[in-house]
Amino acid sequence: MSALTVTELSYRYGATHALSDVSFSLPEGQFCALLGPNGAGKSTLFALLTRLFVAPRGRIEIAGHDMSRHPRRALARMGVVFQQPTLDLEMTVAGNMRYFAALHGMSGRQAQGRIDAALDRLGMAERANEKARNLNGGHRRRMEIARALIHEPAVLLLDEPTVGLDTAARRAITAHVHGLAAEGLTVFWATHLVDEIASGDEVVILHRGRIMAQDRAAVLADGGDLTEVFMNMTAPLAVPG
Ligand code: ADP
Ligand code: MG
């Protein structure tokens, strides 16, 4: 079964076609990159996948649940880290996590076990009682990733999660999330940075609202450099279709 399947999805803002007839399917338990330059439509796609927007046409299926027919079931199988941070800086790390668990209807005892496990997975266990404000950018992002795992989703979506981080923090988070995929989680990671992608990752290339290619990074690179392939596919003069 596919972890996430999108079929003929389109979306526009007035006259701007942000997504045009987008179809793809992600294999389970893989790190999958959504690679596209600024304006490609990555965040619009994420807004549709999280039901922030409802697509007028097309179909979304998460872990076998149809988003339009069973939105709650579909959304329950998904963890999300948005491009803009969404945490309460005055609360502790654990406090932020408990708040989220309560929103998902988890009891205190069940929540505590899962919060501990999620913080541990991201190497954040010893930070549990620190105020979020006192964490650096990398650790704040890790906290958000840990929080997105509390309800044990099948698919983790991250929209440009390393924006604004220094090189060391960016590398650490990219490596951590690759580790989660190696443990069996399906990851869908939006980025415009080719160096966040490993050769065994699945890559979906999006440009001007259209899927340009999908395959393993090593296959797309074809013995060469994925950056070159990506640049050629998304060059200003490259016409999709
Ligand atoms: P990405 O996340 O890949 O940078 P977006 O999904 O944010 O791309 O944007 C895709 C296209 O839709 C761009 O042309 C962008 O200018 C346009 N767009 C995004 N959000 C809005 C909006 N709220 N209103 C109008 N146009 C938008
Ligand atoms: Mg974006």
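Kindly indicate whether any position in the stretch 89-97 is within 22 Å of the chain's Cα centre (by Cα) and among the acidic types (Asp, Glu). No: the stretch 89-97 contains no residue that is within 22 Å of the chain's Cα centre (by Cα) and among the acidic types (Asp, Glu). If only residues of the stretch 98-132 that are basic (Lys, Arg) and open to solvent by 70 Å² or more (accessible area, probe 1.4 Å) are counted, the one that is nearest to the chain's Cα centre (by Cα) is 121. Looking at (1) within 16 Å of ligand 2 (Cβ to nearest atom); (2) free of Cβ contacts under 8 Å to residues at least 40 places away in the same chain, which is the only condition residue 236 fails? Against the list (1) within 16 Å of ligand 2 (Cβ to nearest atom); (2) free of Cβ contacts under 8 Å to residues at least 40 places away in the same chain, residue 236 comes up short only on (1). Of all the numbered requirements in (1) part of a loop (DSSP other than H, G, I, E, B); (2) within 16 Å of ligand 2 (Cβ to nearest atom); (3) in contact (Cβ under 8 Å) with a residue 12 or more places away in the chain, residue 129 misses one, and that requirement is (2).
List pairs: first residue in the stretch 175-190 and in the same structural domain as residue 34 (by TED's automatic domain parsing), second residue within 16 Å of ligand 2 (Cβ to nearest atom) and among the hydroxyl-bearing types (Ser, Thr, Tyr) anywhere in the structure, Cβ distance under 8 angstrom, at least six positions apart or on different chains. Between residues of the stretch 175-190 that are in the same structural domain as residue 34 (by TED's automatic domain parsing) and residues that are within 16 Å of ligand 2 (Cβ to nearest atom) and among the hydroxyl-bearing types (Ser, Thr, Tyr), the close pairs are 190/43.
Picking from 80, 22, which residue would you name as being within 13 Å of the chain's Cα centre (by Cα) and modelled with pLDDT of 95 or more? Selected residue: 80, the only one of 80, 22 that is within 13 Å of the chain's Cα centre (by Cα) and modelled with pLDDT of 95 or more. Look at (1) within 14 Å of ligand 2 (Cβ to nearest atom); (2) more than 15 Å from residue 189 (Cβ to Cβ) and you find that residue 8 fails only one, number (1).
The values are calculated or read from the model by the stated rules, or taken from the named source; none is laboratory data. Keep in mind that what you see is a predicted model, and the values were worked out from it rather than measured. Neighbour counts run over all protein chains shown; Cβ positions are idealised from the backbone, glycine included. Only protein heavy atoms, including side chains, enter the accessible area calculation; ligands, DNA and RNA are left aside. Shrake-Rupley method; radii C 1.70, N 1.55, O 1.52, S 1.80 Å.
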